[in-house]
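Worksheet for the structure shown next.
The values are calculated or read from the model by the stated rules, or taken from the named source; none is laboratory data. Quantities reported herein were computed from a predicted structural model and do not represent experimental measurements. Heads up, the Cβs are rebuilt from the backbone with ideal geometry, glycines too, and the neighbour counts pull from every protein chain shown. Accessible surface is based on the protein model in full, side chains and every heavy atom, while ligands, DNA and RNA are left aside. Shrake-Rupley method; radii C 1.70, N 1.55, O 1.52, S 1.80 Å.
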Amino acid sequence: MNTADLGLPVSVPSTALFTDQYEFTMLQAALKAGTADRRSVFEVFTRRLPEGRRYGVVAGTGRVLDAVENFRFDDDVLGFLRDHGIVDEPTIQWLADYRFGGDIHGYPEGEVYFPGSPIMRVEGSFAECVLLETVILSVLNHDSAIAAAASRMSAAAADRRLIEMGARRTHELAAVASARAAYVGGFHSTSDLAAGFRYGIPTVGTSAHAFTLLHDTERDAFRAQVDSLGRGTTLLVDTYDVSEAVVAAVEIAGTGLGAVRIDSGDLLMVAHRVRRQLDDLGARDTKIVVTSDLDEYAIASLAAAPVDAYGVGTQLVTGSGHPTCSMVYKLVARAGSADPGAPLVPVAKRSAGGKLSIGGRKWAARRRDENGVAEAEVLGTGPVPEPLVDRQLLTELVKGGEVVAREPLDTARERHIAARAALPVSATQLSRGEPVIPTEYLM
């Protein structure tokens, strides 16, 4: 959800300059050439998944819809374009009335995707569609990368809880988007209050080592925290000696202590020791939270440890080594004239160099076996085969310029969990491999 869903005030600036300059120079030239009004179809897709990944995760769709709605040229923006000579005056006048009036279809947020999947399809005049390229790719490439990393971590964590805590490791605005994408990918909460405010994601947080170091003794710090936050709080026990800290924590908070957090050392060994110590002290219901530069591999290595929750920061907000999905926004079909009835002609780049595209306005469907497990991503430009009619993936997001597909963020999160569960079991293996299902083309 966004702040509008929560009934909270928000000031949304124009997204019109989240754009590369060449979008504007193409617009100016097309207006002058008389081709700007030709009906066009652009598709967002990736030619390959990040190396070793077996599936991708669509995230950021809701933010794309926000960006399209707020793609407006106010006086300040138009003044910037005019003062810097970026476009000529006729183009300025055209932009002053800009409102996207086309249609957008896409994979619903949380869905998985594969090489070639038409994750989003934008249709309208060339002029109105081409301006949206950069902002759409900025959102989808970033958010989908974070969601894919989150999904892998979620699979590795199984039923244990995951806390997103990467705000201090990335740009302040990227931190909010990362928390949202992580939630779609399976995380349960975030430390970032801006993400909680804007999207309604549950927020958590207690104390850092600085709080312990502020006080004269560790016991004083624990006592201050428990007095303020209650016995259900989480105490950080690795500032000095972990064993001594656990004893102090239980003595001060009692056996009803909510949790202890471990942020350093051999987490597997320390977690076992702390669990035994807590049990011996009677704090059998006290949870153990571990942090410290975790990624999906570290989380998987702790599967046998008595850990109840993981806090993940740096590796999550950087896509666990893959901070982008290499998605592109390509013209795949256009009309031969500005006549509204002119038929669409498939177009595609054909030069050598490994960047070939497949022209044509595509549908997408996921074929499943008799057990409901996905076995192929099927794309086509002609009629949809009868067995795949009910398996189509593209949904209507914007119709005639109006957003028609708002949904709560929890819906996207639940969709992803279901979509991942419908993939072959090897999808969640952390070993490097090819996409878990092939992409097939029916042209």
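See the values below:
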| read-out | value |
| --- | --- |
| Among the residues listed as Asp220, Asp227, Asp159, Asp216, the single one being within 30 Å of Val436 (Cα to Cα) and among the acidic types (Asp, Glu) | Asp159 |
| Residue within the stretch 134-153 that is in contact (Cβ under 8 Å) with a residue 40 or more places away in the chain and not in a helix (DSSP H, G or I) present | no |
| Filter result for Arg413 (crowded, with 16+ Cβ neighbours inside 10 Å, in contact with a Ser or Thr (Cβ under 8 Å, 6 or more places away or on another chain), modelled with pLDDT of 95 or more and of a type in the set (Lys, Arg)) | no |
| First in the stretch 168-194 and closer than 15 Å to Thr314 by Cα and of a type outside the set (A, V, I, L, M, F, W, C), second anywhere and open to solvent by 50 Å² or more (accessible area, probe 1.4 Å) and at pLDDT 95 or above, Cβ under 7 Å, 6 or more apart | Thr190/Thr203; Ser191/Thr203; Ser191/Val204; Ser191/Gly205 |
| Total residues in the stretch 199-213, condition among the small types (Gly, Ala, Ser), closer than 19 Å to Tyr310 by Cβ and either touching a residue at least 60 places away in the same chain (Cβ under 8 Å) or in contact with a Phe, Trp or Tyr (Cβ under 7 Å, 6 or more places away or on another chain) (or both) | 0 |
| When residues of the stretch 149-167 are limited to those that are open to solvent by 10 Å² or more (accessible area, probe 1.4 Å) and touching a Gly at 6+ places or on another chain (Cβ under 7 Å), the one farthest from Arg413 (Cα to Cα) | Met165 |
| Among (1) buried (at least 18 other Cβ atoms within 10 Å of the Cβ); (2) at pLDDT 95 or above; (3) not hydrophobic (A, V, I, L, M, F, W, C), the one test that Asn2 misses | (2) |
| Test result for Gln93, free of Cβ contacts under 8 Å to residues at least 40 places away in the same chain and not in a loop (DSSP other than H, G, I, E, B) | yes |
| Residue list for the stretch 96-111, restricted to those being in a strand (DSSP E or B) and either open to solvent by less than 40 Å² (accessible area, probe 1.4 Å) or at pLDDT below 95 (or both) | Ile104, His105, Gly106 |
| Index of the failed condition, Ser178 passing every other in (1) closer than 30 Å to Ala59 by Cβ; (2) exposed (fewer than 15 other Cβ atoms within 10 Å of the Cβ) | (2) |
| Residue ID - most open to solvent (accessible area, probe 1.4 Å), chosen from residues in the stretch 265-280 that are basic (Lys, Arg) and touching a residue at least 12 places away in the same chain (Cβ under 8 Å) | Arg273 |
| Among (1) open to solvent by less than 10 Å² (accessible area, probe 1.4 Å); (2) in contact (Cβ under 8 Å) with a residue 40 or more places away in the chain - the single one Ala283 does not satisfy | (2) |
| The stretch 429-443 - residue that is modelled with pLDDT under 95 and open to solvent by less than 60 Å² (accessible area, probe 1.4 Å) and, of those, farthest from Leu388 (Cα to Cα) | Leu430 |
| Sole residue being out of contact with any Pro (no Cβ under 9 Å at 6 or more places or on another chain), free of Cβ contacts under 8 Å to residues at least 12 places away in the same chain and assigned to a loop (DSSP other than H, G, I, E, B), chosen from Asp220, Asp216, Asp227 | Asp216 |
| Among the candidates Ile299, Ile358, Ile288, residue that is over 24 Å from the mean Cα position of the chain (by Cα) and farther than 24 Å from Gly106 by Cα | Ile288 |
| Condition met for Ala374 (farther than 30 Å from Leu267 by Cβ and within 24 Å of the chain's Cα centre (by Cα)) | yes |
| Inter-residue pairs, beta-carbon under 7 Å, first farther than 12 Å from His142 by Cα and among the polar types (S, T, N, Q) and in the stretch 49-78, second assigned to a loop (DSSP other than H, G, I, E, B) and open to solvent by 10 Å² or more (accessible area, probe 1.4 Å), 6+ apart | Asn70/Val12; Asn70/Ser14; Asn70/Thr15 |
| Evaluation of Asp238 against (1) open to solvent by less than 70 Å² (accessible area, probe 1.4 Å); (2) out of contact with any strand residue (DSSP E or B) (no Cβ under 7 Å at 6 or more places or on another chain); (3) assigned to a loop (DSSP other than H, G, I, E, B) (one fails), failing number | (2) |
| Restricting the stretch 393-402 to residues that are in contact (Cβ under 8 Å) with a residue 60 or more places away in the chain and open to solvent by 30 Å² or more (accessible area, probe 1.4 Å), the residue that is nearest to Glu128 (Cα to Cα) | Gly400 |
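Here's the yes/no breakdown for (1) in contact (Cβ under 8 Å) with a residue 40 or more places away in the chain; (2) under 20 Å from Phe187 (Cβ atoms); (3) open to solvent by 70 Å² or more (accessible area, probe 1.4 Å); (4) of a type outside the set (Val, Ile, Thr):
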site	(1), (2), (3), (4)
Val242	no, no, no, no
Ala249	no, no, no, yes
Gly256	no, no, no, yes
Ala259	yes, yes, no, yes
Asp263	yes, yes, no, yes
Val289	yes, yes, no, no
Asp295	yes, yes, no, yes
Ser301	no, yes, yes, yes
